[in-house]
Amino acid sequence: MQSPGAVGAVPGAPAGAVRWPTAPEVDSADTPAPVHLATDLPGTTSGGGELPPGEPASDGTGPRYRTDDPSESAVGMGDYPLPAPDPRARPAGEAPGAPEVARAAPGARAGADAPTGEDPGHEPASARPPAGTGAGPRTCVFCGVGRVALDDYCEHCGKAQPRERDHMETSLDTLAAVSDRGLRHHRNEDAYAVSPAALPDGSPAVVAIVCDGVSSASRPDEASLAASRAASARVLDLLARGTHPQAAMHEAILAASEAVNALAGDGGPDHEHAAHQNAPACTLVGAIVAKDLLIIGWVGDSRAYWVPIDRTGPSARLTEDDSWAAQMVAAGLMSEAEAYADERAHAITGWLGADAYELEPHTVSFKPDRPGIVVVCTDGLWNYAESADEMAAVLPVDAADRTLQAARTLVGHALDGGGHDNVTVALVPFPVPGQGAGSAWGGTADEAATGGP
């Protein structure tokens, strides 16, 4: 690993290259934000201090928490009768060897409008053409032969078709993300936003944001979608203006928090179980790769992992959960194995939402000394590959060259393990692929977002 140091213009960079200002400290100190080694775990706050064990509730009863257990949701969850399609299976009608392109509408652009892992339409479903190839009849994803009627049921086997957020994929050159509803949830409450970016001096960068709606809160799917949109838009805007990536990540998390807070006052379109309604909430984890820096930011228990491409160096978990289990381990009251085996393990002590006790975005920066893959994911994946070594073992060795297939493999691993939660993963390369022939980063933003030439 390279030695930590102050962040500024990269040595040897052309004249006029962007010079990032020092990332601000939370306590307004004049010292620069730290640059950590990948082995300096656990992570730190954006001020460089140790992560707090959790603030007690004002009534002295201990830390406040939320749980992502669907059985505690305001909405009766239960088993959904139809599983989502296997993400490793080729969609019906897709020719072998079909190119992997982002599933975005024609003319989509990188940045705030880049593929975001969200329901792509803002208009009513009846105003949108049927999903699939063009606007023609759809083929059932289950039997592969029946035609799908206007009510989204197959005329041959009678099965209801998955909704658009049940399974989502985005592939932008070597940057890829996959999200799946899983086998137990009745909807996908995860969302993501992935996009290429550019610094003021033209250097390429990439951004990935992954959010997990808290199932015990109202409208968790809306919370994750609003947070991923807001965080992505904010970080892309700040990077383009030359803001230091760590400061941009911190501000992006604050913007995501404001977007989720705003949902608490609008009541939602369907006033879902109003008598039991509470504030929408979600977790967030994000990654930025810009020049020789890797920036990670998070709130909650969604995670980021580092896996070297050559597998000769150690893999590492780059985040520390805001959770009951993490607090027990930090306090020395339980071993990690004991804490995560407890039924209270996934009670989170930090989240985005109007009823969050205190928002403290965690941000860390790293300077890896070798190429690697950053795995940004929700607990729907890491529940089935918890340690860094387990995650590295599941990640295909050719993940850097076949990023979308590797993301599908990780989601498939979670589904094979039981798929008890929504599963979302984004795979981010380090370093960013350089501009040049054959690279989507050398094309326009529109081409990168839509898989164009």
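The values are calculated or read from the model by the stated rules, or taken from the named source; none is laboratory data. Remember, it's a predicted structure, so these values are computed and weren't measured experimentally. Cβ placement follows ideal geometry from the backbone for every residue including glycine, while neighbour counts extend to all protein chains displayed. Surface areas here come from the heavy atoms of the whole protein model, side chains and all, with no ligands, DNA or RNA. Shrake-Rupley method; radii C 1.70, N 1.55, O 1.52, S 1.80 Å.
Limited to the stretch 411-427, what total is found for residues that are open to solvent by less than 10 Å² (accessible area, probe 1.4 Å) and farther than 14 Å from ARG303 by Cα? Total satisfying the criteria: 5.
Within the stretch 310-355, the set of residues being at pLDDT below 90, open to solvent by less than 20 Å² (accessible area, probe 1.4 Å) and in contact with a Pro (Cβ under 7 Å, 6 or more places away or on another chain) is empty. What are the pairs, 6+ residues apart or on separate chains, where a residue within the stretch 211-240 that is touching a residue at least 60 places away in the same chain (Cβ under 8 Å) and under 15 Å from TYR192 (Cβ atoms) has its Cβ under 9 Å from a residue that is of a type in the set (Lys, Arg) and open to solvent by less than 10 Å² (accessible area, probe 1.4 Å)? Once the first residue is touching a residue at least 60 places away in the same chain (Cβ under 8 Å) and under 15 Å from TYR192 (Cβ atoms) and sits in the stretch 211-240, its partners that are of a type in the set (Lys, Arg) and open to solvent by less than 10 Å² (accessible area, probe 1.4 Å) give GLY213/ARG219. Within the stretch 227-248, restricting attention to residues that are touching a helix residue (DSSP H, G or I) at 6+ places or on another chain (Cβ under 6 Å) and open to solvent by 20 Å² or more (accessible area, probe 1.4 Å), the residue that is nearest to GLY265 (Cα to Cα) is ALA230. The set of residues in the stretch 206-221 being surrounded by 24 or more Cβ atoms within 10 Å (Cβ to Cβ) and among the acidic types (Asp, Glu) consists of ASP212 alone.
Of everything listed in (1) surrounded by fewer than 24 Cβ atoms within 10 Å (Cβ to Cβ); (2) of a type in the set (Gly, Ala, Ser); (3) not in a loop (DSSP other than H, G, I, E, B), the single unmet condition for GLY202 is (3).
Kindly indicate the residue of the stretch 158-199 that is out of contact with any helix residue (DSSP H, G or I) (no Cβ under 8 Å at 6 or more places or on another chain) and of a type in the set (Lys, Arg) and also least open to solvent (accessible area, probe 1.4 Å) among those meeting that condition. Step by step, filter the stretch 158-199, then rank; the result is ARG181.
May I ask you to list the residues in the stretch 314-323 that are over 14 Å from GLU390 (Cα atoms) and assigned to a strand (DSSP E or B)?
SER323
Whether any residue in the stretch 250-270 is touching a residue at least 12 places away in the same chain (Cβ under 8 Å), assigned to a strand (DSSP E or B) and closer than 24 Å to GLU358 by Cα is what I want to check. Checked against the condition, which is being touching a residue at least 12 places away in the same chain (Cβ under 8 Å), assigned to a strand (DSSP E or B) and closer than 24 Å to GLU358 by Cα, the stretch 250-270 yields no hits at all.
In the set (1) without any contact (Cβ under 8 Å) to a residue 40 or more places away in the chain; (2) not in a helix (DSSP H, G or I), ARG311 fails one condition alone, (1). When the stretch 237-269 is filtered for residues that are under 22 Å from PHE366 (Cβ atoms) and hydroxyl-bearing (Ser, Thr, Tyr), only THR243 remains.
Which residue out of ALA255, ALA281, ALA259 is open to solvent by less than 40 Å² (accessible area, probe 1.4 Å), closer than 21 Å to LEU294 by Cα and modelled with pLDDT of 70 or more? Answer to the selection: ALA255.
Does any residue of the stretch 285-300 turn out to be open to solvent by 10 Å² or more (accessible area, probe 1.4 Å), without any contact (Cβ under 8 Å) to a residue 12 or more places away in the chain and not polar (S, T, N, Q)?
No, the stretch 285-300 has no match at all.
Pick from ALA287, ALA304, ALA326, ALA279: which is assigned to a helix (DSSP H, G or I) and not basic (Lys, Arg)? Going through ALA287, ALA304, ALA326, ALA279 in turn, just one is assigned to a helix (DSSP H, G or I) and not basic (Lys, Arg): ALA326. Going by the conditions given, is ARG303 basic (Lys, Arg) and open to solvent by 10 Å² or more (accessible area, probe 1.4 Å)? When the stated conditions are applied, ARG303 does not pass them. Restricting attention to the stretch 357-384, the residues being crowded, with 21+ Cβ neighbours inside 10 Å and over 17 Å from ARG317 (Cα atoms) number 1.
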